[in-house]
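Participant: My questions all concern the structure below.
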Amino acid sequence: MKDQVDNLIVRHIKATYLHAGLSLAERRKAIDKCLYGNCKFLYVSPERLSSDGFIDKLRLMNVSLIVVDEAHCISQWGYDFRPSYLKISAIRRIFPAVPVLALTATATPDVVTDIMEKLEFHAPNVFSKSFKRDNISYVVRQCDDKIAQLVHILSSVPGSAIVYVRSRRKTKMIADELTFNHITADYYHAGLDNEDKNDKQNKWKQGKTRVIVATNAFGMGIDKPDVRIVVHIDVPNSLEEYYQEAGRAGRDGNRSWAVLLVSDVDNRTLKRRITESFPDKDFILNVYERAGNFLNVSVGGGFNQIYDFNFTLFCKTFDYPLLPAANALKILTQSGYIEFIEEIDTQSRVMILADKSDLYHIPDSTPEDEQVLQALLRTYSGLFADYVFINEAVMARRFNLTQEVIYDSLLKFTRLHLLHYVPRKRTPYIIYTTSREEPRYVQISRAAYEDRRAVMERRIGSMLHYCFCEDQCREAMLRDYFGENDIENCGHCDVCIDRRKRMDNTYTIDNIIDGIMYMVSTRPRTITDFTSTLSFRADDIIAAVTRLVEDGFLTFSPTTAQYSKP
């Protein structure tokens, strides 16, 4: 939300947002802007629609358009279904004459139909752009050593890059490996501090970091036009996810690559995700019962209550595997018994309770305490009026303190009632959307379990077909999956290029050399430029390039990985 609002404000468009991390004063200020006509765009999450207070304020606003972004999340058949999206249609009854615009980059025909039904469209009304991307070459590489292949690709193709993986641990590991191979890289995932996220993102957007290695937490709202290559180390669960992430390449219209690295292990891994995503129903009921015990919620109690939920401790206490337990909670969410909200990051905040004069004579204060207090007052304003979000890491760097000293001093001041310090925490929540039931009365609906499992099996089947099929155009497979008709081969994916090379194998080394020398006469080229453009075997092209370098007709620049005339 913040990225989108910041981009609008830079364009002199009045915009604001509401999320759980704002203070009460900040929320009031944002709502007042909307009530008094000083705001054009208000961004909210669908979870906000559960607040009766917000709905009451919304009724007083002059709403002219309701926009649903990532609209596939409203569909039971969407790849990222979120039950809270189903509440959006209720706004239509408050504003029956206001038009609704639903937007998504990835939706199959079934999902498109479901979106219109869930949003109560009066009649079908779809504007759809082709999924064809003329400037993106889709490539699948089968390899056992994915890291070595990644280094080879990034050494061959210059320009900004995103590398997607599925685990936070792997983001840092791979970024370190790239750095070791003299490729400037950094890592990004949802578990980082907001300041770290912004710093890493800005350095990558400004070109100071060439490669960002990230989980799928990176990319939403990112508008960097010159990403030349997107590489997936781990195979996504669906073609919807893959197309959306791969589509972050080449937004400037220039030639770009979307590369998926696969191995035989991926076949087994994807099939295992089905059983992890849909554990046995007895396991799900067991998780439901033990979650209630863990949170001390009595049978018949808990309705509409919000509970901090230490998911890691819960799994450790009952010896649950993490993924099946998390997915059991999601299935219970989709069945309407709870709402499981994963890892909301609440930033540290402080409000000073004492008068200014009381801060000059603090009993038993140490020099470190005084330093912390001065650092707090010099860094943040408004502390005497309301809670202010603080960042202990920023204060530590600016004033040569440790975060432990800051934490201890602020807790000490809190015990003395000089201020109130709420440390940052990152924790999941559980909201009981019905009173706690005995497990025998909990019904896991067919829509939440059997139907969605069948959809996931079809999605993973389509993903595996894309990964391991070697005789169909990659782009044609994607466009067919999303329901397009009259599809022609793209001519520039790995399958099309390989097919063209096999059809035209009557050539000499002189033919290859002529093609190479013509290409470098216009501008420097990478080895990938040659192999993806010239209709010859890749091994023959590489051999010809090597010969031209040895004979002095080409020079190679290690910095840009490009060949040019001497």
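Participant: From the list 161, 175, pick out the single residue that is free of Cβ contacts under 8 Å to residues at least 40 places away in the same chain and in contact with a strand residue (DSSP E or B) (Cβ under 6 Å, 6 or more places away or on another chain).
Facilitator: Going through 161, 175 in turn, just one is free of Cβ contacts under 8 Å to residues at least 40 places away in the same chain and in contact with a strand residue (DSSP E or B) (Cβ under 6 Å, 6 or more places away or on another chain): 175.
Participant: Tell me which residues, restricted to region 483-496, are surrounded by fewer than 19 Cβ atoms within 10 Å (Cβ to Cβ) and either touching a residue at least 40 places away in the same chain (Cβ under 8 Å) or in contact with a Lys or Arg (Cβ under 7 Å, 6 or more places away or on another chain) (or both).
Facilitator: The answer is 483, 484, 487.
Participant: Being surrounded by 15 or more Cβ atoms within 10 Å (Cβ to Cβ), in the same structural domain as residue 468 (by TED's automatic domain parsing) and free of Cβ contacts under 8 Å to residues at least 24 places away in the same chain is the requirement here; does residue 239 meet it?
Facilitator: In short, no.
Participant: Among the candidates 540, 510, single out the residue that is free of Cβ contacts under 8 Å to residues at least 24 places away in the same chain and either surrounded by fewer than 14 Cβ atoms within 10 Å (Cβ to Cβ) or among the acidic types (Asp, Glu) (or both).
Facilitator: Exactly one of 540, 510 is free of Cβ contacts under 8 Å to residues at least 24 places away in the same chain and either surrounded by fewer than 14 Cβ atoms within 10 Å (Cβ to Cβ) or among the acidic types (Asp, Glu) (or both), namely 510.
Participant: From the list 370, 342, exactly one residue is surrounded by fewer than 16 Cβ atoms within 10 Å (Cβ to Cβ) and either over 30 Å from residue 311 (Cβ atoms) or of a type in the set (Val, Ile, Thr) (or both). Which is it?
Facilitator: Within the list 370, 342, the selection yields 370.
Participant: With region 415-523 as the region, which helices (runs of 4 or more DSSP H) entirely inside it contain at least 2 residues that are more than 31 Å from the chain's Cα centre (by Cα)?
Facilitator: Here the list reads 494-503, 509-522.
Here is a yes/no grid of residues against (1) at pLDDT below 90; (2) hydrophobic (A, V, I, L, M, F, W, C):
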{"site": "414", "(1), (2)": "no, no"}
{"site": "420", "(1), (2)": "no, no"}
{"site": "469", "(1), (2)": "no, yes"}
{"site": "475", "(1), (2)": "no, no"}
{"site": "498", "(1), (2)": "yes, no"}
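Participant: What's the total number of residues in region 33-71 that are in a helix (DSSP H, G or I) and either surrounded by fewer than 13 Cβ atoms within 10 Å (Cβ to Cβ) or touching a helix residue (DSSP H, G or I) at 6+ places or on another chain (Cβ under 9 Å) (or both)?
Facilitator: Counting residues in region 33-71 that are in a helix (DSSP H, G or I) and either surrounded by fewer than 13 Cβ atoms within 10 Å (Cβ to Cβ) or touching a helix residue (DSSP H, G or I) at 6+ places or on another chain (Cβ under 9 Å) (or both) gives 16.
Participant: Given the criterion of a type outside the set (Val, Ile, Thr), within 23 Å of residue 458 (Cβ to Cβ) and assigned to a helix (DSSP H, G or I), identify the matching residue among 268, 290.
Facilitator: 268
Participant: Still on this model: Can you pull out the strands (runs of 3 or more DSSP E) entirely within region 302-376 that have at least 1 residues that are acidic (Asp, Glu) and touching a residue at least 60 places away in the same chain (Cβ under 8 Å)?
Facilitator: 306-308, 338-346
The values are calculated or read from the model by the stated rules, or taken from the named source; none is laboratory data. The structure presented is a predicted model; accordingly, all values stated were derived computationally and were not measured. We place every Cβ from the backbone using ideal geometry, glycine too, and count neighbours over all the protein chains shown.
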